[in-house]
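Encoded as structure tokens, the structure appears first; notes follow it.
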Amino acid sequence: FVLILKEPDLGTAAVLAPMALCMMFVAGIPMRIMFFLILAGLLVLPVGWLVLGDYQKDRLMVFIDPQRDPLGAGWNMMQSMIAVGSGGFSGKGFLEGTQNILGFLPRTVAPTDFIYSVIAEETGFIGSMIVVGLYVLLLLSCIRAAGVATERFGRLLAVGVSVMLFCHIYVNLGMTIGLMPITGLPLPLISYGGSFMVSTMAALGIVQSIYARREMR
């Protein structure tokens with residue numbers, strides 16, 4: 001966590017906390033220890049504000065008040081919300097999204113962190129729900145693999161992968177519609193990028209291996 005935070009990459013580092021908590025819960029860690037860890041984390045949060053970079057603080061403040069810097073730190077969030085809302089029920093059509101094509105949603109983030117905004121604008125509510133539905137199916141499959149795992153190690157791996165994917169999906173979708181601060185977390189299997197795609201495919205391969213060996217001793 002500290003090494004990733006030092007990069008700096010607050011978003012990716014923050015994903016490790018719920019992953020660790022969920023894996024410890026499944027492993028049978030006593031609830032009093034879990035409660036202590038959560039309480040300790042909450043107490044450390046105010047101190048964490050002091051070590052954040054200026055751009056990270058700006059993102060958090062813009063999340064609280066999007067109008068604080070509409071032409072600077074708040075630009076991406078506001079344009080993303082406009083793109084999602086303007087898609088309507090059925091969308092504007094493939095490659096017809098004005099926020100993306102005209103560059104209001106910056107080309108540097110449209111294919112990566114804000115790809116869901118492009119999908120929502122072009123395919124509307126229908127396309128957006130299809131994407132969410134596919135993610136729900138994927139997460140349920142990972143949880144199923146954890147449930148049928150015959151070994152504790154495999155169960156913990158599958159739970160960890162499930163939580164990792166859920167956090168990326170939830171935070172990415174949330175930040176495109178203004179429900180989460182912008183953290184730079186990519187959308188699994190959709191956002192443009194090489195390293196995260198390889199990591200996601202490797203993680204899913206591990207889950208598939210756990211499920212395939214569910215009857216082995």
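The values are calculated or read from the model by the stated rules, or taken from the named source; none is laboratory data. Everything numeric here is computed off the predicted structure, so don't read it as measured data. Here the Cβ positions follow ideal geometry from the backbone for every residue, glycine too, while neighbour counts run over all protein chains shown. Remember, those area values only see protein heavy atoms, side chains included, never the ligands or the DNA or RNA. Shrake-Rupley method; radii C 1.70, N 1.55, O 1.52, S 1.80 Å.
What the table below lists for this structure:
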read-out: By accessible area with a 1.4 Å probe, ligands and nucleic acids excluded, highest first: order of Val109, Val136, Val2; value: Val2, Val136, Val109
read-out: Lys/Arg +1, Asp/Glu -1 at C-beta; region 1-108 dipole; positive extreme among Leu43, Val62, Gly88; value: Leu43
read-out: Solvent-accessible ranking of Leu173, Leu179, Leu39, largest area first, probe 1.4 Å; value: Leu179, Leu39, Leu173
read-out: Potential extension, Ile64-Val51 segment - 0.36 nm per residue separation minus Cα distance; value: 2.8 nm
read-out: The chain: calculated mean residue ellipticity at 222 nm from DSSP helix runs of at least 4, using -39500 (n - 2.57); value: -22500 deg cm²/dmol
read-out: Farthest toward positive dipole pole in region 1-108 [+1 Lys/Arg, -1 Asp/Glu at C-beta], among Leu5, Ala27, Gly97; value: Ala27
read-out: Solvent accessible area, Å² - Arg213, 1.4 Å probe, full protein context; value: 130
read-out: Asp65 accessible area, 1.4 Å probe, all protein chains in place, Å² to nearest 10; value: 70
read-out: Span-like helix ranges in the chain, DSSP H, alpha carbon extent 24 angstrom or more, Kyte mean at least -1.0; value: 10-27, 31-51, 115-148, 152-176, 195-212
read-out: Unit charges on C-beta of K, R, D, E only; dipole of the chain, Debye; value: 800
read-out: Global form of the chain, assessed from the alpha-carbon gyration tensor, a/c cut-off 1.5; value: oblate
read-out: Gaussian network model of the chain, Cα within-10 Å springs - most flexible of Val84, Val161, Val51; value: Val51
read-out: Residue of Phe36, Phe89, Phe166 that the Gaussian network model of the chain assigns the largest fluctuation, springs spanning Cα pairs under 10 Å; value: Phe36
read-out: Leading residue at positive end of dipole, the chain (Cβ point charges), from Val161, Gly184, Met77; value: Val161
read-out: For Thr12, solvent-accessible area (1.4 Å; no DNA, RNA or ligand), Å²; value: 50
read-out: Top of Pro70, Pro46, Pro186 by mean-square fluctuation, Gaussian network on the chain, Cα under 10 Å; value: Pro46
